[in-house]
Amino acid sequence: MRSPLFAASSTHPQVAHADGHQRGRGRYAKVLAMAIVAASLAVVGCDGATQGEQQQAEVQILDNKIVVSHDLIHTSIPERYQPSYNLVGDLVPVNSVDLTAPYHIVSSTLEVAKGDSVQPGQVVARLEAKVAENELPFIGNDFLEVYQGDKKIDAQSTQSSATKRTVKSSGTGSISGVGVAVSATSDTADDAQRSSAVDKPIQDSKTQSTETNTPQQANKSQRLVEVTLVLKSPIAGKVTNIQNTAATQNTAATQNTAAPKDTTESADNTKGATDEVNTSAALPSPIITVANTRVLQLIAQLPLETQSQLSVGKPVNFTVFDLHKEFTGQISHITPDANNHTLTVHAPLIAGENTASLLKPGMRASMSIEYGQIELGVRLPREAIHEANLQPLTKKNPRPTTPIHGYVWIVGQDQSLSYTPIQVVEYFADSDQFLVSGISNESLVCLADLPKDSDGKILSVQ
């Protein structure tokens, strides 16, 4: 603990401005007053006091007074710091898509393997499936070609809900559509199937929108036909993962277990001659992940109330733990979630030619987003801070995501105790101290763990 200077000396403590200049006479008078309080408390500096010795110090709680040992009085020196939000996570590609089809597959052939490089428009899989005949014109799009035999089924020029592509914000950049479900989330297949289930009633309404629909039209909407679906990659990158590879096992037994196709149409069309897929034999579509691993980003969440301090384009400082290197970047997306009171922040790294090849998806990294003006704080030992969860702060992660709220016992100029709210902004592992804001730079701090009703009582030092 740093030893204070007292009124008995001919010199008085001087506290410097953040820019290094001494404060004026008003400041001098305030420091002198604090020195008088310190002298009245008979505080003696104790640099050699250990934490164990402090814990053994006496504390007496009286009706209107608190008596403590001088070892439990702490003074500190103000220092500058830049407020920041600090986030930790794994690096992920900025552009990453999961390619699949929202249909159960009879068989499939993969045209790529994990680790292969692909270009936009390159075929990654051919899927044999059975789909409703009336859906054929609404399946295809830029990344999914549909063939019935050797004939390519052209997509309808009208952009229905089944064929339109949308760009949405998710874990990484993503594109989704019903014909080919492209998404960056882990539940892509489920999303695609849900999307298909939602869109199909809209498609079917085309055949049921008038009362003049014939039984033949109804049968056509229910009849399943065999098609080949050709999946293409929408981006350049590498194949980083392939799921549901069992769908590549094209066995005769699997095909034979499907219900036989009725090639003879009944004279009574109202009986609904249909061809149904045996769902026990059908397989889920493979999910092929393609990612551009050369451009990486960090995605993390902040409380919703921090939104006023953030903006797209705001600079970000990165530390990649595996490389022990610093990088810069900018915020590219901010997605608020009012229901969960969170903000999802996307920030790509900017790496030079020499360092870009060192970065890999999955590397652990932190990013610091500075905000506001430079402020002054003081360092306090752990025992000075109350009602604060300090466990997340470690040598590896010394800064919290947002400032941690807590309380400190401050000794006023009249020697009264005040239970003062503070914010913890940084941890120093070498001294086991914390940088806090919210208290006067020249305040004396009582390290004792006192009951809350001590607020307002006079402090006496024995």
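Could you tell me which of the residues 356, 388, 351, 347 is at pLDDT 95 or above, more than 26 Å from residue 455 (Cβ to Cβ) and not polar (S, T, N, Q)?
Values: 356 fails: at pLDDT 95 or above; 388 fails: more than 26 Å from residue 455 (Cβ to Cβ); 351 fails: at pLDDT 95 or above.
Step by step, each of 356, 388, 351, 347 is checked, and only 347 is at pLDDT 95 or above, more than 26 Å from residue 455 (Cβ to Cβ) and not polar (S, T, N, Q).
How many of the residues making up the stretch 391-415 are over 20 Å from residue 76 (Cα atoms) and loosely packed, with under 15 Cβ neighbours inside 10 Å?
6
Being touching a strand residue (DSSP E or B) at 6+ places or on another chain (Cβ under 9 Å) and at pLDDT below 90 narrows it down to one of 300, 218, 281, so name that one. So that I can check it myself, show each step before the final result.
Working: 300 fails: at pLDDT below 90; 218 fails: touching a strand residue (DSSP E or B) at 6+ places or on another chain (Cβ under 9 Å).
Just one listed residue meets the conditions, 281.
Report yes if residue 99 is assigned to a strand (DSSP E or B), buried (at least 17 other Cβ atoms within 10 Å of the Cβ) and under 28 Å from the mean Cα position of the chain (by Cα), otherwise no.
The answer is yes for residue 99.
I'm told residue 79 meets every condition in (1) in contact with a strand residue (DSSP E or B) (Cβ under 6 Å, 6 or more places away or on another chain); (2) at pLDDT 90 or above except one. Can you identify the failing condition by its number?
(1)
Checking the conditions here, which among 424, 461, 378, 411 is among the β-branched types (Val, Ile, Thr) and within 30 Å of residue 333 (Cα to Cα)?
It is 424.
Return yes when residue 130 is at pLDDT below 90 and either open to solvent by less than 10 Å² (accessible area, probe 1.4 Å) or basic (Lys, Arg) (or both) and no when it is not. Walk me through how you get there before you give the answer.
Numbers: at pLDDT below 90: yes; either open to solvent by less than 10 Å² (accessible area, probe 1.4 Å) or basic (Lys, Arg) (or both): yes.
Spelling it out, residue 130 is indeed at pLDDT below 90 and either open to solvent by less than 10 Å² (accessible area, probe 1.4 Å) or basic (Lys, Arg) (or both).
Got a number for residues in the stretch 416-435 being under 17 Å from residue 451 (Cα atoms) and open to solvent by 40 Å² or more (accessible area, probe 1.4 Å)?
3
The values are calculated or read from the model by the stated rules, or taken from the named source; none is laboratory data. This is a predicted model, so every value here is computed, not measured. Backbone-built Cβ (ideal geometry, glycine too); neighbour counts: all protein chains shown. With ligands, DNA and RNA removed, areas are computed over all heavy atoms of the protein, side chains included. Shrake-Rupley method; radii C 1.70, N 1.55, O 1.52, S 1.80 Å.
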